[in-house]
Amino acid sequence: MPSVLTGDVYDLPVLLGEQYMLSALLRETRDVILYRATQKDLRREVVVECLRPSAAADEAKLHAFLETARARACFEGLHLARVLEVLQADGAWLVARESPEGEPLDMLLAAGERLRGEEVCLLMQMLCRLCLRLDAERLNSVVFQLGDIFYRERRFSLNNPACAGARPESATRDYLADAAQALLPLVEPGEALAGQLVELLQRTCIRRAPSPTLAAFLLAEYAALYALMLREGVPA
């Protein structure tokens, strides 16, 4: 099956690198197009990120694309989608990675769904720990997007946030503030202790001067509220 491009987008379905059958377009950014795909040999669903030809012709953008893949390959975790391989196939640069399980939170929000209070607390704890690791390893991270968090059966999985470039001093503050702002509409207002959770999220949104202890401080706050929810009888 020959690969055909309409503009920068492949006419689907198409097989790339004799291995990845692209079946649906997931998302487009300025330089990268994401596709849902099936890895032929292992018969598993994956995500394939394709660098646009115009971006691949730019040495700096190609370098950033490859360095981001390398950063994510080194920054692995139980809840993070793993990079499977980087390859150049059919004239394009590709990154194949795991497809997170579940529905993206932006889709749940659009459908009018809400999360339990303790789920929001657990997710914020997960994101705080993520930022602690990124800070410790001095890895840069992408801007937080609700669509990068996936939910299934009260479990979360994440697209890997590591990316190329130097980590700014404000990276953790901005990432957690953006996460808290995005999660506020997902809080179920009628639950016990919802008010305290909303207050904590709103405080997380405040962009104070960057501090190396911010993630640890917020981690403790969300853990304490989670423990309080358990004591108050909010179902875990």
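The values are calculated or read from the model by the stated rules, or taken from the named source; none is laboratory data. Here the structure is a predicted model, which means the values were calculated and not measured. When we count neighbours, we look across all protein chains shown, and the Cβ atoms used for this are built from the backbone with ideal geometry, even at glycine. To get the accessible areas, we keep the full protein, side chains included, count just its heavy atoms, and leave off ligands, DNA and RNA. Shrake-Rupley method; radii C 1.70, N 1.55, O 1.52, S 1.80 Å.
Does the range 134-143 contain at least one residue that is within 29 Å of Val187 (Cα to Cα) and over 15 Å from the mean Cα position of the chain (by Cα)? Yes, the range 134-143 contains a residue that is within 29 Å of Val187 (Cα to Cα) and over 15 Å from the mean Cα position of the chain (by Cα). Only one of the listed residues (Ala192, Ala179) is in contact with a Leu (Cβ under 8 Å, 6 or more places away or on another chain) and among the hydrophobic types (A, V, I, L, M, F, W, C). That residue is Ala179. Can you name every residue in the range 130-142 that is touching a helix residue (DSSP H, G or I) at 6+ places or on another chain (Cβ under 9 Å) and either part of a helix (DSSP H, G or I) or crowded, with 20+ Cβ neighbours inside 10 Å (or both)? Those that are touching a helix residue (DSSP H, G or I) at 6+ places or on another chain (Cβ under 9 Å) and either part of a helix (DSSP H, G or I) or crowded, with 20+ Cβ neighbours inside 10 Å (or both): Leu130, Cys131, Leu132, Leu134, Asp135, Glu137, Leu139, Ser141.
When we screen Ala166, Ala194, Ala223 for residues that are touching a residue at least 40 places away in the same chain (Cβ under 8 Å) and under 30 Å from Ala73 (Cα atoms), the only hit is Ala223. Taking (1) of a type in the set (A, V, I, L, M, F, W, C); (2) modelled with pLDDT under 95; (3) surrounded by 19 or more Cβ atoms within 10 Å (Cβ to Cβ) in turn, Ala236 satisfies each apart from (3). Could you list, in sequence order, the residues of the range 154-167 that are modelled with pLDDT of 95 or more and in contact with a helix residue (DSSP H, G or I) (Cβ under 8 Å, 6 or more places away or on another chain)? Passing the criteria: Phe156, Leu158, Asn159, Asn160, Pro161, Ala162, Cys163, Ala164, Gly165, Arg167. Checking each residue in the range 88-98 for being open to solvent by 30 Å² or more (accessible area, probe 1.4 Å) and at pLDDT 95 or above picks out Trp93, Glu98. Is there a residue in the range 179-192 that is of a type outside the set (Lys, Arg), in a loop (DSSP other than H, G, I, E, B) and open to solvent by less than 40 Å² (accessible area, probe 1.4 Å)? No, the range 179-192 has no match at all.
Would the range 143-153 turn up any residue that is of a type in the set (Val, Ile, Thr), within 18 Å of Leu80 (Cα to Cα), at pLDDT 95 or above and surrounded by fewer than 21 Cβ atoms within 10 Å (Cβ to Cβ)? Scanning the range 143-153 turns up at least one residue that is of a type in the set (Val, Ile, Thr), within 18 Å of Leu80 (Cα to Cα), at pLDDT 95 or above and surrounded by fewer than 21 Cβ atoms within 10 Å (Cβ to Cβ).
Is there a residue being without any contact (Cβ under 8 Å) to a residue 40 or more places away in the chain and open to solvent by 40 Å² or more (accessible area, probe 1.4 Å) anywhere in the range 113-129? No; the residues of the range 113-129 include none that is without any contact (Cβ under 8 Å) to a residue 40 or more places away in the chain and open to solvent by 40 Å² or more (accessible area, probe 1.4 Å).
The lone criterion from (1) within 17 Å of the chain's Cα centre (by Cα); (2) closer than 24 Å to Glu221 by Cβ left unmet by Gly147 is number (2). Picking from residues in the range 204-218 that are without any contact (Cβ under 8 Å) to a residue 24 or more places away in the chain and assigned to a loop (DSSP other than H, G, I, E, B), the one that is farthest from Leu134 (Cα to Cα) is Ala209. How many of the residues in the range 103-112 are open to solvent by 40 Å² or more (accessible area, probe 1.4 Å) and either in contact with a strand residue (DSSP E or B) (Cβ under 8 Å, 6 or more places away or on another chain) or of a type in the set (Ser, Thr, Tyr) (or both)? Total satisfying the criteria: 1.
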